[in-house]
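Written out below as structure tokens is the structure these notes cover.
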Amino acid sequence: MSFKQTLGQDRTLFGRGRIMQISLWSILIVYSLGLLGYYSCLFNKSRPSIPKIAKYFGTKGRYEEVNPYLLDDILAVNTSILQPPFPKCRPVHLTAIIRHGTRNPTSPIFKEMQRFYKAVKSAAPAKESWACDIQTRWKMWYPENTDGRLTQKGVDDHKHLAVRLSKLFPTVLSEENLRGGFVKFISSSKHRCINSTLAFMAGLTELWDIPDQTFDYEVNDALMKYFNLCPKFLNEVVNNPLALSEVDEFKKGPEMRRVREKIAKQLRVPAKNITADMADAAMNLCAYELAIKSINSPWCQSLDEDDAMIVEYANDLRQFWKRGYGHEINRKSSCILFHDVFSRLDKAVSEMKSGQQVTEVVTIQIGHGETLLPLYTLLGFFKNDEPLLASNYDSQRQRSFRTGLVLPYAANLVLALYDCGGGDFRLQPLINEHPARFPGLSENQQASMPLYKDVKEHYKELIQGCDFETECELFGRPNRYLIKEGL
């Protein structure tokens, strides 16, 4: 019977008593709910399931794991997070240092993933359903020739970030300032950074519908790839086999051995055939499918949360000793970027005090994870009471130094300079769109937004020193080595 016929019968039977009326209305309600259910199913775009281990992906993690609310609305912004001390305070300058967006695996990571995949494929038929799925259905879909290139998701990362920052700071990152040439773009020469820069620009031009104007960017590796130009860092860390000895010890330790044995047991292969790097490859195979395709991959079942935390710690340990607090030169290699940031802030303050137009209202600088982490370390962010060591995994479970929270794809440090009138300038740092506090400032100095002069006083030794040429021994040793950016 059609819906129209049902309605016709209802009209005929309507007056035959209360029982018949209720019955027909029940039919109508059930029929309507059925239609609603059908269309709800047809148009349902439910959020893809997220692996339980996603929060342990470190530098391979999505920006959405740091800001889960973006899964519901990728352009969501909470302007109330900015709390200037006085109503008359207004932002006058913005510097943003941003990591590139989601990328494909680099060639070394791809080769290790391929090696692990072949080990799984050649193992005895698996009992575990996830391993069976990999052995019989899953294909290695990553093209090797896309070595670290930006993905479409990476383009979207920066387009969306551009829109959100323009919503958070509408008076500075504005169409007027963009068209007027008051927004400057700086990029590393690496393809994924240049394409992230172009994506950020596209986010703004599409937002404001600007088809009639193009905008320039500057490639500046001295700022965005300074780590590649610091001989002392290259000699003492990158090319020093002892610099990462804590990482090597942890890989051979009991925690990683348990992970390797569990994977081997699931795959029914000898434990000696599973290396620590293969455990890392298992996590990467899960991480890249989630980051690039939003897929909860069968590879994600190869590690439980305890395993993932151990693999995450091994990666954090590497970043700690190679880019973070492990060696003094790690942080000092970022001196050139540190001075660049403060010179831009000083210039904006000077122009405001003299009644001039701020000539560089916004600076967007796009580089690598290696660009941001040494600078965070130099500024004192994410420092634990104890260093990360091979021997203290258990005591570091609540550590601040977690690269998954600090350096996901499109990670960013934003420094917003406010003019509160009468020479009162304030500086608000934001890390991944969350207000942060400069480590070491007193509670009084931290109240609301700290005074810019207090921030400069706090970092006075670095401002007066921290000379890149001196710290890096730029003219003391030949620069024989170059390194590839892995983040």
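The values are calculated or read from the model by the stated rules, or taken from the named source; none is laboratory data. None of the values given here were measured: they were computed from a predicted structure. For neighbour counting, all protein chains shown are included, and Cβ atoms are generated from backbone atoms with ideal geometry for every residue, glycine included. The accessibility values were calculated without ligands, DNA or RNA, using every heavy atom of the protein model including side chains. Shrake-Rupley method; radii C 1.70, N 1.55, O 1.52, S 1.80 Å.
Among the criteria (1) hydroxyl-bearing (S, T, Y); (2) under 20 Å from A308 (Cβ atoms); (3) surrounded by fewer than 18 Cβ atoms within 10 Å (Cβ to Cβ), the one T403 does not fulfil is (3). Looking at this structure, is P125 part of a loop (DSSP other than H, G, I, E, B) and open to solvent by 70 Å² or more (accessible area, probe 1.4 Å)? Yes; evaluated as a whole, the condition is true for this residue. Scoring Y409 on the criteria (1) open to solvent by less than 50 Å² (accessible area, probe 1.4 Å); (2) in contact (Cβ under 8 Å) with a residue 60 or more places away in the chain; (3) assigned to a helix (DSSP H, G or I); (4) of a type outside the set (K, R) leaves a single failure, condition (3).
Selection of first residues in segment 219-246 that are touching a residue at least 24 places away in the same chain (Cβ under 8 Å) and farther than 21 Å from F185 by Cα and of second residues that are hydroxyl-bearing (S, T, Y) and surrounded by fewer than 21 Cβ atoms within 10 Å (Cβ to Cβ), restricted to Cβ pairs under 7 Å at least 6 apart or on distinct chains, gives the following pairs, ordered by first then second residue: L234/Y481; V238/Y481; N239/Y481. Looking across segment 48-75, the residues that are surrounded by 15 or more Cβ atoms within 10 Å (Cβ to Cβ) and not in a loop (DSSP other than H, G, I, E, B) come down to A54, K55, Y56, G58, T59, K60, Y63, E64, E65, V66, L70, L71.
Per this entry, N228 is counted among residues that are open to solvent by less than 20 Å² (accessible area, probe 1.4 Å) and part of a helix (DSSP H, G or I).
None of D454, D385 is in contact with a Leu (Cβ under 7 Å, 6 or more places away or on another chain), among the charged types (D, E, K, R) and not in a strand (DSSP E or B) except D454.
Considering only residues that are in a helix (DSSP H, G or I), of a type in the set (A, V, I, L, M) and closer than 27 Å to Y418 by Cβ, look in segment 136-173 and name the one that is nearest to the chain's Cα centre (by Cα).
Restricting attention to segment 136-173, the residues satisfying the condition of being in a helix (DSSP H, G or I) are 136, 144-146, 152-168.
Still in the running and of a type in the set (A, V, I, L, M): 155, 161-163, 165, 168.
This time we only want the ones that are closer than 27 Å to Y418 by Cβ, so: 161-163, 165, 168.
Details: L161: 11, A162: 14, V163: 16, L165: 15, L168: 18 Å.
This residue is L161.
Restricting attention to segment 343-356, and to residues there that are in contact (Cβ under 8 Å) with a residue 24 or more places away in the chain and closer than 17 Å to C89 by Cα, which single residue is most open to solvent (accessible area, probe 1.4 Å)? Checking each candidate, the answer is K353.
So that you can scan it fast, the table gives a plain yes or no per residue for (1) among the acidic types (D, E); (2) open to solvent by 10 Å² or more (accessible area, probe 1.4 Å); (3) closer than 19 Å to A119 by Cα:
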position	(1), (2), (3)
P254	no, yes, no
R260	no, yes, yes
I263	no, no, yes
R268	no, yes, yes
I274	no, no, yes
D277	yes, yes, yes
A282	no, no, yes
L290	no, no, no
I295	no, yes, no
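The number of residues in segment 275-292 being over 18 Å from the mean Cα position of the chain (by Cα) and under 14 Å from E305 (Cα atoms) comes to 3.
Residues satisfying the criterion are present in segment 185-193 (criterion: open to solvent by less than 20 Å² (accessible area, probe 1.4 Å), under 26 Å from C472 (Cβ atoms), among the polar types (S, T, N, Q) and assigned to a loop (DSSP other than H, G, I, E, B)).
Please verify whether L427 is crowded, with 19+ Cβ neighbours inside 10 Å and not in a loop (DSSP other than H, G, I, E, B), treating the condition exactly as stated.
Values: crowded, with 19+ Cβ neighbours inside 10 Å: yes; not in a loop (DSSP other than H, G, I, E, B): yes.
So L427 fits the description; yes.
Does P387 meet the test of being under 21 Å from the mean Cα position of the chain (by Cα) and at negative phi? Against the criterion (under 21 Å from the mean Cα position of the chain (by Cα) and at negative phi), P387 does not qualify.
When you scan segment 92-101, do you find a residue that is outside any loop (DSSP other than H, G, I, E, B), hydrophobic (A, V, I, L, M, F, W, C) and in contact with a Gly (Cβ under 9 Å, 6 or more places away or on another chain), even just one? Write out each step before concluding.
First, pick out the residues of segment 92-101 that are outside any loop (DSSP other than H, G, I, E, B): 92-99.
When the remaining residues are screened for being hydrophobic (A, V, I, L, M, F, W, C), the result is 92, 94, 96-98.
Then drop every residue that is not in contact with a Gly (Cβ under 9 Å, 6 or more places away or on another chain), which leaves 97-98.
Yes, segment 92-101 contains a residue that is outside any loop (DSSP other than H, G, I, E, B), hydrophobic (A, V, I, L, M, F, W, C) and in contact with a Gly (Cβ under 9 Å, 6 or more places away or on another chain).
Which of the residues belonging to segment 297-308 are open to solvent by 50 Å² or more (accessible area, probe 1.4 Å) and of a type in the set (D, E, K, R)? Step through it out loud before you land on a result.
Step one: list which residues in segment 297-308 are open to solvent by 50 Å² or more (accessible area, probe 1.4 Å), which gives 301, 304-306.
Listed by number, the residues that qualify are D304, E305, D306.
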